[in-house]
1. Within a 10 angstrom radius of the beta carbon, how do B:Thr306, B:Thr42, C:Thr184 rank from fewest other beta carbons to most?
2. Mind checking the mean number of beta-carbon atoms from other chains within 10 Å of the Cβ atoms in B:268-276?
3. Provide, for q = 0.04, 0.07 Å⁻¹, the log10 of I(q)/I(0) from a solvent-free Debye sum over equal Cα point scatterers in the protein assembly as shown.
4. Could you give me D for chain C, from Stokes-Einstein at 25 °C and 0.890 mPa s, where the hydrodynamic radius is the Kirkwood radius over C-alpha pairs? Units µm² s⁻¹, please.
5. Between C:Glu267 and C:Leu329, what FRET efficiency follows from the Cβ-Cβ distance if R0 is 30 Å, with the result rounded to 0.05?
6. Express in % the proportion of alpha carbon pairs of chain B at distances exceeding 39 Å.
7. Which parts of the stretch B:6-37 would a label at B:Ser49 reach, counting a residue when its backbone N lies under 17 Å from a point 7 Å out along Cα-to-Cβ?
8. Run the quick spin-label model on B:Arg266 and C:Phe155: label points 7 Å from Cα toward the beta carbon, then report their separation in nm to one decimal.
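Read-outs throughout are calculated quantities, based only on the coordinates presented, and are distinct from any laboratory measurement. None of the values given here were measured: they were computed from a predicted structure. All Cβ positions, even for glycine, are placed from backbone atoms using ideal geometry, and neighbour counts span all protein chains on display.
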Amino acid sequence: MPEHHQDTSGNEIVEDLTVSTLSERDLLEDEFAREKERAGGKPLGLWADTWRRLKRNRLALVGMGIIIVFVLVGTVETVAYLAGGYVAPYDPIKTDYALSPEGLGSPPSWSHPMGTDYLGRDVFSRVLVATRISMLVGVIAVAIALSIGLILGPISGYYGGSVDSVIMRTADVFFAFPFILFVLLLLTVLPPGFGSVFIAIGVLSWATYARLNRGSVLSVKTMEYVEAARAQGAGDLRVIFRHVLPNTMAPIYVAIAMGIGGAITTEAALAFLGLGVQAPEASWGKMISDNLTYLAAGSWWMLAFPSIFLVVTVFGFISFGNGLRDATDPKLKE
Amino acid sequence: MSLLEVKDLKKHFPIKSGILKHTTGYVYAVDGISFNVEKGETLGLVGESGCGKSTTGRSVLRLIAPTAGTIMFEGVDVMAASRSDMQTLRRHMQIIFQDPYASLNPRMRVRSIVGESLKIHNIGTEAERKKRVFELLETVGLSVEHAERYPHEFSGGQRQRIGIARALALNPKLIICDEPVSALDVSIRAQVINLLEDLQDEFDLTYMVIAHDLSVVKHISDRVAVMYLGKIVEISDSAVLYDFPQHPYTEALLSAVPIPDPTTERARRRIILEGDVPSPANPPKGCVFHPRCPRAQEICTTAMPTLASTGGDAGKRHEVACYFPARFTGGVRTVPNQPFDGALAAAEN
Amino acid sequence: MSERLLTVDGLSTHFFTHAGVVKAVNGVSFTLDRKETLGIVGESGSGKTVAALSLMRLVPDPPGKVVEGSLMLGDRDLRKLSDPEMRQVRGNDIAMIFQDPMTSLNPVVKVGKQIAEAITLHQDKSKGEAWKMAADLLARVGIPDADKRVNQYPFEFSGGMRQRVMIAMAISCNPDVLIADEPTTALDVTIQAQIIDVMQEMQERYNSAVILITHDLGVVAEIADKVMVMYGGRTVEYGGIDEIFYNPHHPYTWGLLGSLPRLDEVEKTRLTPIKGQPPDLITLAAGCPFAARCTYVREECRDNWPALEIVGPAHGVDCWIPHDERLELRAGLPRFREHVA
């Protein structure tokens, strides 16, 4: 049964829900489980329902596992970096010509499970450390996008009229530009270095969250509890940020998962083009870019492993995001 | 001075269409109604869908901005009130909503929901507010441990009680009850109706009850106003309304309400109205009820009759907006052939 | 002597879920004669809708299942029919009208087509004939301009009109039994009066029996010949209309009657509500499902389901309170005194 959402149009991240992935049995089970908990007198958590539904989705759980590993590694590496070091079997940056010519650019072996590149660096170590870049990009870029989008979105949706028009048309402009090109443009004016990459990606992604959120706001603002808040004398700010916004977050969490995946991919693309991370730092995209030429020579491992990490990580975010979306389907609640 | 005085209230919603969203028409949700609510009484506002009763309730609270008319609360002009005056007014006028599922923020705990108004108006310290919330919960028949829970953990009747506790938080003088029991199971309705009555006695409240269930309205109200298509067609004491309905719509409405008593039902004469209620975007000219009225005549197409008392046995508190209202003299019902002068006031102006 | 159309005996429908077994309907029995109207009264969790769906074999399986009971339509046991045979029964012998006319009509199919479809499924008529019959039916249920309106879509009809369309669809094949599940709950009271009128007219014209499922005792008083009061999946009282209203024997029935505000009450009397909440169907304890809310509850009530007691002509009640004590308790209830014989 087609689900009619007043959500974003023209945005690939959240689609119209068509077929529910849950069976009748699951639906009834949910209802009864809820009734049971209620009857048992235990207070129900707000996420209990979502978690129960999420647990059924194997793919989403796998995705969640990937994300957890990713975040752990990324955090560890970030902390290490800030402390001036790294956590890896070998130094990821120091070139080691001491490895004999046979050792430079060597395929996977017991001592170097992912092989080495032509500068004598252990691929595995570099891949590990590069996780930091990807995680930071994901988190910081999306955080920036959210802080803009989750202010403009609710304001646009709540006030409507000309405010809404202005904000949404501005968002349209941001949508109209091919994203990478836009980022490139912005990067030309920002100082070089990967900090700018985060900012560029973040600042240019706000429109997705704003548009998405505005749709939910349009329906939530007509709810009676919003009216109740106004009847009690709540001002606009309180109504928007205490009542409306928290109830529009469900699709946002999904968009965040997808957005982080997208940001990671974008950073890889930019690194591939030579922007962002500079040598000798490692990022997955940079490793792919640097080692592309060697592929023809048969040195697949320098390229393959960062690619695998990249793909698996993004896949993890997307699967989890999909699972989360199914689990928070408002039609299946209450 | 009445607690609430409403004069000639109007609310017209513009209908926008086309790319440029220009106004092509209006929905005449409320089209010139006047009534008073005295302190301590319960006024019932009854009517079917599209009659404008909910819009009226919300307009009184200025949750909707009225198009025209005056609303005076304790002598203060609600429509002209400044932002800070409105804040003060909000402490005196509160509302209970129909849908116990949609009227509580699902992401807030009960204590936050009930205590929010205290926070907004900066009343008391954190500890005092907490105490007040517990007090309120117990007043409505819930218990203190319910404060930490979320709305979805409660049944419909309990949620409605939470809504009532919320409305009482600021010690209001007037509470608008918008369909307070229609979304509840039958056996729960009586609980909530009794609760509302008890609270009225305990806290000296004044109610405006908006509902479509005439039995409930008659039971709980002192006076009842019957609305049709944005107008008040009759207003009187609730007991009188059932025994001596003057307006043809009131008669039809009363005869349509089922009474849980087979003998009475078998003996009843049912007045079935033809057709559907016209759209409030396109109300009939003249008396809004005339197309469906069993005793409509030429004059009914000219102008909407004014709300006035027919005097005599009906008394001053019983007003009707009809050119041919039924009269009851010594308990005998007659419908005069000549149009009622009191209703002509509008036609003449 | 009226023809017996339907005999339901010991109907039990359970839902088997991982969270537990939901005993939605337990041991419900009733009969229905031609031209009779049975009112099934109950609130949320009473099982009344599931009982009706069980009759039509429309309970989703899994997780639901009619676990026990016989459903005799004339001399056929509906539980034993094959799927194609049951499809023949639905619409033809037993038809159903649902609660919300907004959602029970297909919004993208013309009204005439929906009715014609019902006709061609069961009767040997051509499409043209079926459409003509559809237009006739619309006129018969009181829709003006039926010839024009038969070509319209549901959104072009108001709520009351849509419900008339549903009635037209239901009676299109002249069913013996018409089940109406809360047919007027979503409608305004003057429209409700019109719809009830139409239903009674159709019942008269087609000699059908009607099962009316509702929580509104007023509507029941208006058109039912007999009443079955359900609570927590069970029948608590069953009898003729006058018996139920003027000689009620079950505390739940007293509670229902006593908690209703009446339009014709002369002096305002305080309502006597039923304490507590409607039941949770998973955690139904053994014994009488009403025990948790009954003011007169006793030990036996929680342990076992009470035996059926006949208290009047065709009037049965399931309650542990001894007969005489019940009469005494009832005499003490305020809202009753005027109404009880």
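1. Numbers: B:Thr306 20, B:Thr42 23, C:Thr184 26.
Going from sparsest to densest Cβ surroundings: B:Thr306, B:Thr42, C:Thr184.
2. Mean shielding count: 4.
3. At q = 0.04, 0.07 Å⁻¹ the computed log10 ratios are -0.26, -0.76.
4. Details: Rh = 21.2 Å.
Calculated translational D: 116 µm²/s.
5. About 0.85, to the nearest 0.05.
6. 19 percent
7. Once the point is set 7 Å along Cα→Cβ of B:Ser49, B:28-29 turn out to lie under 17 Å by backbone N, inside the stretch B:6-37.
8. Reported label-point gap for B:Arg266 and C:Phe155 is 4.8 nm.
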